[in-house]
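Working notes, beginning with the structure itself.
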Amino acid sequence: MGKVEEFEGIILSVRHHHENDHLVKIFTDRFGKLMFFSRGTAKRNSKMKTAILPFTKATYIGTINQTGLSFLNDAKDREQYQSMQTDIFLNAYATYLLNLTDAALEDRVPNGTLYHKLAASLREIDEGSDPQIIVNIFEIQLLPYFGVAPELRGCSVCGNTEGPFDYSDRYGGLLCRNHWQLDKHRYHASQRAIYFLRLFSRVSIDQLGIISVKEETKKEIQHLIDMIYNETVGIKLKSKSFIQKMGQWGDVLKESRNPDNKQKNEVSQTDEDKL
């Protein structure tokens, strides 16, 4: 028999099970990723109904089993990321964060560091930070969980920390100009994209502040990160495809967003003028 425990958790996914029940996948702060059986939560009067909604973080009480399903009993201190539930753009980015975390984690492997990163990322998006910037930071810092640890401190060959640099899959990270000839298939990335790639690899989401990036450079950064993921990780997530399609919708849907809801990481030249 499992042991009744109290733990903090973030809902990763929910699906119906039979008529009145749910299977709920939760990333917990103490026990890693677990699948829980939640009895009766499909009933209209269930007190746990809101505790298992998508984009919810709460303190849960449940029975943790070493094998098979665990069981949810109760929840308190519920925190729901409201903006993600009403904004299609924020919803898409947050869903991708949850899906990417799910793909990177093995079941029942505790990881308090990653749990904290995910909670901080969701909070930043919900509070108005640029969702693409937050997702890009998360994507870069999640690479080691997929077994990919690119060298972004300096040149993978000589250790030089002074640019210019380019990215090489073959050498697993950056190459300085003196070694570009070693890989004719290097990415030929812009120095602005490389600058932010290196910055995103070490910045703390808790101490993010304002990172100002031009739209053109944001596209370059995303293209660079997508290339790294395609070449080294190789996962295909529907939520990622949706974000890519969403980017093609243009200003038509963007105009439907609240014009007064300005992002904390507003677009400007501030950071890029340092380059």
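Under 5 Å from the amide H of Val157 lie the amide H atoms of Cys176, each residue being 5 or more positions distant or on a separate chain, with H modelled from the backbone and absent for Pro and chain starts.
Relative to the Cα centre, the charge distribution of the chain, modelled as +1 at Lys and Arg Cβ and -1 at Asp and Glu Cβ, gives a dipole magnitude of about 640 debye. Each Lys or Arg adds one and each Asp or Glu subtracts one; over the other residues with Cβ under 11 Å from the Cβ of Gln132, this totals -1. Computed from backbone phi, the HN-Hα couplings of region 155-164 come to 5, 5, 8, 10, x, 4, 9, 9, x, x Hz, rounded to whole numbers (Karplus: 6.51 cos²θ - 1.76 cosθ + 1.60, θ = phi - 60°; Gly and Pro given as x). Our helix-only sum for the chain, with -39,500 (n - 2.57) per DSSP H run of n ≥ 4 divided by its residues, gives a mean residue ellipticity at 222 nm of -10000 deg cm²/dmol. In the chain, Cα pairs under 8 Å separated by at least six residues give a relative contact order of 15 percent. With distances taken between every two different alpha-carbon atoms, region 3-80 has a Kirkwood hydrodynamic radius of 12.1 Å.
Rule-based calculations on the coordinates, nothing more; no lab input. These numbers come from a predicted model, not from an experiment. Neighbour counts run over all protein chains shown; Cβ positions are idealised from the backbone, glycine included.
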